[in-house]
Every structure is written in C-alpha cells, then in structure tokens.
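The values are calculated or read from the model by the stated rules, or taken from the named source; none is laboratory data. Everything numeric in this text was worked out from a predicted model, so none of it was measured. Heads up, the Cβs are rebuilt from the backbone with ideal geometry, glycines too, and the neighbour counts pull from every protein chain shown. Each accessible area value is taken on the protein alone, full model and side chains, heavy atoms only, with ligands, DNA and RNA left out. Shrake-Rupley method; radii C 1.70, N 1.55, O 1.52, S 1.80 Å.
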Amino acid sequence: MGSRDDDGQNAEGQGYAADINSIREAQARIAPYVHKTPILSSTSINAIAGKQLFFKCECFQKAGAFKIRGASNSIFALDDIQAAKGVVTHSSGNHAAAVALAAKLRGIPAYIVIPENAPACKVENVNRYGGQVIWSDVTMESRESTAKKVQEETGAILIHPFNDKYTIRVQYALNFWSKSLRSTQ
C-alpha cells in the first residue's frame, strides 16, 4: 500500500496526472487485483471497416468494466491510516461497483452515493460487493453534496468518479499497455 497526498483525489492544478514512473507504479499496484484482458480482432469487422481494428475486452474484467483498474489504484494507494475510515464515491454505474469491489478487496468500508434513478442492476452490483448505498437526487450537485456530507461524517476518502489522478494514471497505463501490445502483434 502507498500513501495518497490529501489532494490526491483532485487532478486539477497539479501538472500532469501521470508520468511514466507513476504509470508503472499503478500497473504494479493493481496487478494482483485485476485481470489482464485480451485484445481481440475480428476478420469480419476488419473487412467491413477496411482496416485492422482491435478491441480491448474489458467486459471480461473484474466488476465487468475497466473502472476496477482506477478504483483499485486509488484505493490501494491509500496508506492504512487513510484507508481505515473507508472510501466514498458518487456514481450510478460501473465506477460505483468498482469502488465497492476494490474496497472489499482492501477490507475497508465503501460508501457509495447513487442517484435515485440508477439502474437496479448497478445498485445490485454495489450491494453484492458490500458497498453501503446512500441515495441522492439525480443531479450532479446532489451527488457531490451527498458524498461531501458522507465524507465529513465518516472521514472517508473521496474516490472521484473521473477527476482523480490515481484513476487517470491507470487509464494512461491501460492505453500505453494496449498500444505497446498492438505494436508487437
């Protein structure tokens, strides 16, 4: 486990969210917790497109989506003191489930703010992974203010659904790895 700086959940105003060293650290940090998903090509689709296409099959990933990569990196970057109070996020979909699963793997609480119009299957995923569902109105303002309230009440660390340098690093890593793999095929 690492240690996130207190402003680690916000990628704004911090220069680049990723450099090659942080990408390598992210890859190593998440390796035990995620699948290496295949990159496939289709002769039929290639013929239709008139070029060779590659598909990164993240549907085979734990939690069913690439979001587990960013959630795992964010959560396993926390030191034990930071992690002890748990994590909080707001999401109506795959990020919610990914944070719940990564927190379960880390053995810490996950407070998941979900808008009242979220699909039932997404809520079921969060519940299945042990996340504590907290309902909000459907607006982004409501999601964010509810998450902030949970954070203030619990001391949980915010794992932002998209503006988090630890999540961004993993997306760079995924893209970097995918590109390097394609160039060797």
#### Entry: Long-range neighbours under 9 Å by Cβ, at least six apart or interchain, first residue closer than 17 Å to residue 102 by Cβ within the stretch 13-41, second assigned to a loop (DSSP other than H, G, I, E, B) and at pLDDT below 85
25/2; 26/18; 29/1; 29/2
### Summary
Selection from the stretch 13-25 of residues open to solvent by 80 Å² or more (accessible area, probe 1.4 Å) and either touching a His at 6+ places or on another chain (Cβ under 8 Å) or not in a loop (DSSP other than H, G, I, E, B) (or both) yields 21, 24, 25
### Message
Pairs please, first residue from the stretch 135-160 and without any contact (Cβ under 8 Å) to a residue 40 or more places away in the chain, second anywhere and assigned to a helix (DSSP H, G or I), Cβ atoms under 9 Å, 6+ apart in sequence or on different chains.
### Response
135/146; 137/143; 137/146
### Task
Check the stretch 66-84 and report whether any residue there is crowded, with 24+ Cβ neighbours inside 10 Å and either hydroxyl-bearing (Ser, Thr, Tyr) or free of Cβ contacts under 8 Å to residues at least 12 places away in the same chain (or both).
yes
### Query
Of all residues in the stretch 118-142 being among the hydroxyl-bearing types (Ser, Thr, Tyr) and crowded, with 16+ Cβ neighbours inside 10 Å, which is nearest to residue 102 (Cα to Cα)?
129
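Here is a yes/no grid of residues against (1) touching a Cys at 6+ places or on another chain (Cβ under 7 Å); (2) surrounded by fewer than 12 Cβ atoms within 10 Å (Cβ to Cβ); (3) modelled with pLDDT under 90:
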position: 27; (1), (2), (3): no, no, yes
position: 34; (1), (2), (3): no, no, no
position: 50; (1), (2), (3): no, yes, no
position: 62; (1), (2), (3): no, no, no
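Mind checking which residues of the stretch 96-115 are in contact with a helix residue (DSSP H, G or I) (Cβ under 9 Å, 6 or more places away or on another chain) and open to solvent by 70 Å² or more (accessible area, probe 1.4 Å)?
105, the sole residue that qualifies.
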